[in-house]
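Presented below is the structure to which this report refers.
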Amino acid sequence: MNQPDMNNDIERVLYSEAEIAQAAKRVGEQLAADYQDRTPIILSVLKGAVLWTVDVMRHMQYAEVEFIDVSSYNGGIASSGNVDLVTDLQTDINGRDIVIMEDIVDTGRSLKFMIELLKSRGAKSVKTASLLDKKDGRVVEATVDYVGFDVPKAFVVGYGLDYKQLYRNLPYVGVLKREVYDPQHADIVDTVDITPNH
Ligand code: IMP
């Protein structure tokens, strides 16, 4: 039997493939301009930021790419509060300019953890470029320097973002139907404003 179409699990699309491509171009060109006299290390946060990283990097000039994996979610829909370093980056960053590529910054815990880690290892500068900035979710102070979209406080998937490791390969970002992650309360309508603000 064929599997059902995973697009049917999406309540609504927030950012289309074309809108994301435009955002990647805008952020990539901004980074290219800001780092024109330097070769930054683009530090992609696994696994969610991989699509965003490659799409942004296409618009840049000289840049290296590295990967790091930190975990604060444990596969659910709420942050656990603790951040673990799952996979460390493989290069000496002492004296280097780093651009952290995130899929989404929510509580800010993961980002704060990484910024402190990179600074403790002697990074010359650390900036962040995130596809999505969920500012209302902030628990600790963490600033995103380059933002694709300011996203409202809803659980979103697609274009790298997952729920239980699925939906990362959707070409757009959308809100997951409540019945997918909370079948017992499928009839509750989320009151949160999920209208895209662009
Ligand atoms: P933070 O540490 O709370 O800022 O969370 C950052 C990480 O949580 C992101 O890199 C995502 O992996 C995950 N995350 C936060 N919000 C969402 C969401 O709406 N959908 C999927 N993953 C999310």
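In a shell of Cβ-Cβ distance under 10 Å around R168, excluding R168 itself, what net charge do Lys and Arg (+1) and Asp and Glu (-1) give? It works out to a net charge of -1. Using every pair of separate Cα atoms, the Kirkwood estimate puts the hydrodynamic radius of the chain at 17.4 angstrom. Packing, taken as the mean count of other beta carbons within 10 Å per residue, orders the peptides 153-159, 119-125, 138-144, 27-33 from highest to lowest as 153-159, 27-33, 138-144, 119-125. Normalising the average separation of contacting C-alpha pairs (under 8 angstrom, six or more residues apart) by the number of residues puts the relative contact order of the chain at 23 percent. Under a Gaussian network description of the chain, with springs only between Cα atoms under 10 Å, the residue in Q165, Q36, Q184 that fluctuates furthest is Q184. Relative to the compact-globule estimate of 2.2 N^0.38 Å, the Cα radius of gyration of the range 55-144 comes out at 1.09.
Taking all protein chains as they are arranged and a probe of 1.4 Å, the heavy atoms of T87 leave approximately 60 Å² accessible to solvent. Note on the range 1-123: antiparallel DSSP beta bridges, both residues inside, total approximately 25 percent of the bridges counted.
Per residue, the average separation of C-alpha pairs within less than 8 Å and at least 6 apart gives the range 35-127 a relative contact order of 32 percent.
Anyone know which of G108, G95, G137 comes out most mobile in the 10 Å Cα GNM of the chain? Result: G95 has the largest fluctuation of those listed. Near E11, the amide H atoms lying under 5 Å from its own belong to V175, L176, K177; only residues 5 or more places off or on other chains count, and H is placed 1.01 Å from N. Within the listed set V151, V65, V45, the residue fluctuating most in the Gaussian network model of the chain (springs between alpha-carbon atoms under 10 angstrom) is V65. What the Cα atoms of the range 1-80 give is an Rg and a Dmax of 16.3, 56 Å.
The values are calculated or read from the model by the stated rules, or taken from the named source; none is laboratory data. All figures in this text were calculated on a predicted structure; none of them were measured in a lab. In this analysis, Cβ positions are derived from the backbone assuming ideal geometry, glycine residues included, and neighbour counts consider all displayed protein chains. Surface areas here come from the heavy atoms of the whole protein model, side chains and all, with no ligands, DNA or RNA. Shrake-Rupley method; radii C 1.70, N 1.55, O 1.52, S 1.80 Å.
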